[in-house]
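Read the structure below first, then the notes.
The values are calculated or read from the model by the stated rules, or taken from the named source; none is laboratory data. Everything quoted here is computed from the prediction, not taken from an experiment. No Cβ is skipped: glycine too gets one built from the backbone with ideal geometry, and neighbour counts run over all protein chains shown. Accessible surface is based on the protein model in full, side chains and every heavy atom, while ligands, DNA and RNA are left aside. Shrake-Rupley method; radii C 1.70, N 1.55, O 1.52, S 1.80 Å.
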Amino acid sequence: MQPIRKATVIGAGVMGAGIAAQFANAGVPVLLLDIVPDGAANRNVLAEGAIAKMLKTEPAPFMSPRAAKLVTAGNIDDHLAQIAESDWIIEAVVERLDVKQALYKKIDAVRRPGTAVSSNTSTIPLALLTRGLSDGFTRDFLITHFFNPPRYMRLLEIVTGPNTDPQLAEAVGHFADLVLGKSIVRCKDSPGFIANRLGVYWLQVGVVEAIALGLTVEEADAVIGKPMGIPKTGVFGLIDLVGLDLMPHINASLAKSLPPGDPFHAANHDLPLIRKMIADGYIGRKGKGGFYRLNRAGGGKLKEAIDLASGVYRAEQRRELPELAGASKDLRALLSSRGRIGKYAWRVLGQTLAYAASLVPEAADDIHAIDEAMRLGYNWQWGPFELIDKLGAGWLVEKLEKDGLPVPALLRAAKDKTFYRLQDGRRQYLGMDGAYHDMHRPDGVLMLEDVKRVSTPVLKNGSAAVWDIGDGVLCFEFTSKSNSLDDQIIALLGKTIPLVKEKYKALVIYNEGRNFSVGANLGLVIFAANIAAWSEIDKLIAAGQQTYKALKYAPFPVVSAPSGMALGGGCEILLHSDAVQAHAESYIGLVECGVGVVPGWGGCKEMLSRWSISGLLPRGPMPAPTKVFETVSTATVSKSAAEAKELLFLRAEDGITMNRYRLLADAKARALKLAVDYAPPQPVDLKLPGASGKLAFTMAAEGFHHRGIATDHDMVVADALADVLSGGTADLIDVVNEDQLLTLERAAFMRLLKTAGTLARIEHLLVTGKPLRN
């Protein structure tokens, strides 16, 4: 098979267009085709319309608007012959076997032999898709089931047939892993494959049992959520997100294809409420609402939820459920508790876990594939078998038997064992043969969780740890809540720098949390402010500044490897690193102005330096400060690593890793490469505009204030930020160095922190999780 340098996606619906966008995000040109609608003046209208829509969609399918230029719109009638230039052709048309097979015959007539052809189907078996087609086509054909939205969902299920070329399938999987950033789960050619087979069953049971037990949708989502390591959307919120209108079609497909004895049939009840909601246009977030809706009557915004018994909407009712207290640490207690809540938790999770155990080996060869599919396809924190280990397989078997529920053979065989174990530092899983087997990472994957199983930290305190990841490289890991930055992290970082200088080659800053860092620990800041411990806060700001500066000028390379949010102080760590190897889904920004302060750990000086030497702006003292003022005052956060480069939070030469599992290995490789003949960066002195520049910033802010865009306290913050970015008392002939800018940052930060408006913003954010516009 040829290397994959160009792709074609046929079908410009939500899924097909999203898949095309992910190819473009990865820098791969892609041809997007669809039919020509009857009477259409523009024969490419469907594909062109899909691209235009994606440029306006939130969350954005494109990592940068620039990526859209790599997608070429066309139509099947005029441009199908162009697929001969593609190395991978993906079909994502309507889920009808006759339509797909007719298209395959057209594809086979014009494609190059040996070109991979795959279907994005989630419901039709491969054996049916390829029935009656040529041997050459079936050899090059496989199923590649992306999950929606394709940019954000990491799971890719791959299904091959008995005639599929193994090397071709391996090449497609390797490309999808490295280039598209997907985690590959290989499935059997069984109905629904893995994630949807189990996920749809779980959702169906969740709805049916909630109605049977008289729960509200809010209660159900609270139970089937955080306690089980499931996103807060729970069951009903997730169905709203996916779309209620899809449920009947998916259920009907599974009901038609699953054998009569499958437990899905017992849960597949006709639900008149859902039929009525769909008929009335309440199909979820893409419609007028679903189980939840936002009532805008009378110009208001009232959050409502539907009553499952009456079908009438009423105000959303969120309340504390005593049964959920501590449930995430003691799941057995929740499933054993009496009353509606405990019964619901047990009925949904018990049946779901038992069903998962029944899918090996029918849908997957091993338990790890099922766990990975649910973690990545449905964002579960723990896979089904990891949840069984938390409960105890023996306990689960006994409870299933007591309730007269079927116990799958695999679950019964594991009654006195765990599905996963550690053996000599290696993680192993229980196989169908009753023996444990080592879990192997693909080449090029290094996980900190594996390092931590077989070693002890080189340094550690309550908020951070330092690990030896081999080849003379240390890894600094944040371990605080939400990876927020505090005095302990600053202190340990201060101890790590001389240690690396003495004994190691390089330092990588990385962790495997959901976010790299959400910034400084505001809880500690507000506590100190409430007792007027201003000197302690000032010491923390000064310590952070000096530590970050020491990081920047250390005699060894520092590579930061963010994923998720890198905000405030987390962003400032990236700015002081020699290089950044960012996961593609990194959301980076200096957001301090949103909470009423300015960046205090060197963020202003680093952004001024980057824009001053970027060559992207006209020369002079104003362009760089103006650009930084625009970005920082609005608390701009990049929507991807690609966009972070456009904002200069990342440099042009910083790396982007598409697959999250490969991030640490890529960062380590980058650090080792830099360590050869490494020399620290040279300081950059700046010429800043002084008082005249500050006046220009102030006038711009006043314009926004008069238009109602900037609030009263925004003006106070903007004034302090303008003071820093203009260089304070400097004038056009003065040179401003780093230390002078750090002094200005610290003074502005402390001045703002003592204002009532800033304290109100911080308290409001801590209580509500939302910014205060005061």
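Below are the figures for this structure:
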quantity	calculated
Length released on extending from Asn774 to Gln167, taking residue separation times 0.36 nm less the Cα-Cα span	212.5 nm
Carbon and sulfur %, accessible surface of the chain computed with the full protein complex present, 1.4 Å	55 percent
Computed FRET value (nearest 0.05) for Ala413 with Lys481, which takes r as the C-beta separation and R₀ as 35 Å	0.35
When each of Lys481/Lys549; Lys301/Lys627; Lys56/Lys552 is checked by Cα-Cα distance, pairs over 29 Å	Lys301/Lys627; Lys56/Lys552
Accessible surface, per residue, of the stretch 1-65 when the full set of protein chains is kept, probe 1.4 Å, Å²	44 Å²
Pairwise FRET efficiency - Asp468 versus Leu241, Cβ, R0 = 35 Å, nearest 0.05	0.25
Length gained when the stretch Trp395-Leu616 is fully extended (0.36 nm per residue, less Cα-Cα span)	73.2 nm
Solvent-accessible area of Leu430 with every protein chain in place, 1.4 Å probe, in Å² to the nearest 10	10 Å²
Label point distance in nm, Asp731-Glu536, each placed 7 Å from Cα along Cα→Cβ	4.4 nm
Given charges at beta-carbon only (K, R positive; D, E negative), |dipole| of the stretch 301-416 in Debye	680 debye
Inter-site label distance for Asp403 and His249 at 7 Å from Cα along Cβ, in nm	3.2 nm
Unit charges at the beta carbon, dipole of the chain: most positive-side option, Gly289, Thr233, Phe516	Gly289
The stretch 273-367, dipole about Cα centre (Lys/Arg Cβ +1, Asp/Glu Cβ -1), debye to the nearest 20	660 debye
Low-density loop cleavage sites - GluC sites (Glu not before Pro) in the stretch 625-688, where at most 14 other Cβ are within 10 Å (DSSP)	Glu653
Difference of contour (0.36 nm per residue) and Cα-Cα distance, Ala760 to Thr743	3.6 nm
Accessible surface, 1.4 Å probe, highest first, among residues Ser612, Ser119	Ser612, Ser119
Cut-off 14 Å (backbone N to label point 7 Å along Cα→Cβ of Lys106), residues of the stretch 54-86	74-84
Anchor Lys505: aspartates and glutamates whose Cα lies under 18 Å away (excluding residues fewer than 8 positions away in-chain)	Asp468, Asp471, Glu477, Asp578, Asp666, Asp677
Centroid-to-centroid separation of the stretch 106-176 and the stretch 256-307 [C-alpha atoms, Å]	33 Å
DSSP bridge pairs, the stretch 125-232: antiparallel proportion in percent, nearest 5	45 percent
Within straight-line cross-link reach of Lys399, lysines at Cα separation under 20 Å, skipping those fewer than 8 residues along the same chain	Lys329, Lys343, Lys390, Lys415, Lys417
Unit charges on C-beta of K, R, D, E only; dipole of the chain, Debye	720 debye
Relative contact order of the chain, defined on C-alpha pairs under 8 angstrom at six or more residues apart (%)	8 percent
Order by protection proxy (mean Cβ within 10 Å, highest first), peptides 168-180, 473-485, 519-531	473-485, 168-180, 519-531
Charge dipole of the stretch 607-746 about the Cα centre (unit charges at C-beta), most positive-ward option of Ser640, Thr698, Phe629	Ser640
Label-point separation in nm, Tyr152 to Lys276, each point 7 Å along Cα→Cβ	3.1 nm
List Arg619, Arg154, ordered by accessible area with a 1.4 Å probe, largest first	Arg619, Arg154
Share, in percent, of DSSP beta bridges within the chain that are antiparallel, nearest 5	40 percent
Karplus-derived HN-Hα couplings along the stretch 513-526 (A = 6.51, B = -1.76, C = 1.60, θ = phi - 60°), whole Hz, x at Gly and Pro	x, 5, 10, 4, 5, 8, x, 5, 6, 5, x, 5, 5, 5
Protein-only accessible surface order, largest first, of His583, His440 at 1.4 Å	His440, His583
Rel. contact order, % - alpha carbon contacts under 8 angstrom, at least six apart, the stretch 593-659	31 percent
Estimated FRET transfer efficiency (Ala652, Asp98; beta-carbon r; R0 51 Å; 0.05)	0.55
Computed [θ] at 222 nm, deg cm²/dmol, the chain (DSSP H ≥ 4; -39,500 (n - 2.57); rounded to nearest 500)	-13000 deg cm²/dmol
Cα-based Rg and Dmax for the stretch 644-706, where Dmax is the largest Cα-Cα distance (Å)	19.8, 55
Accessible area (Å², per residue) of the stretch 303-348, counting only protein heavy atoms and a probe of 1.4 Å	59 Å²
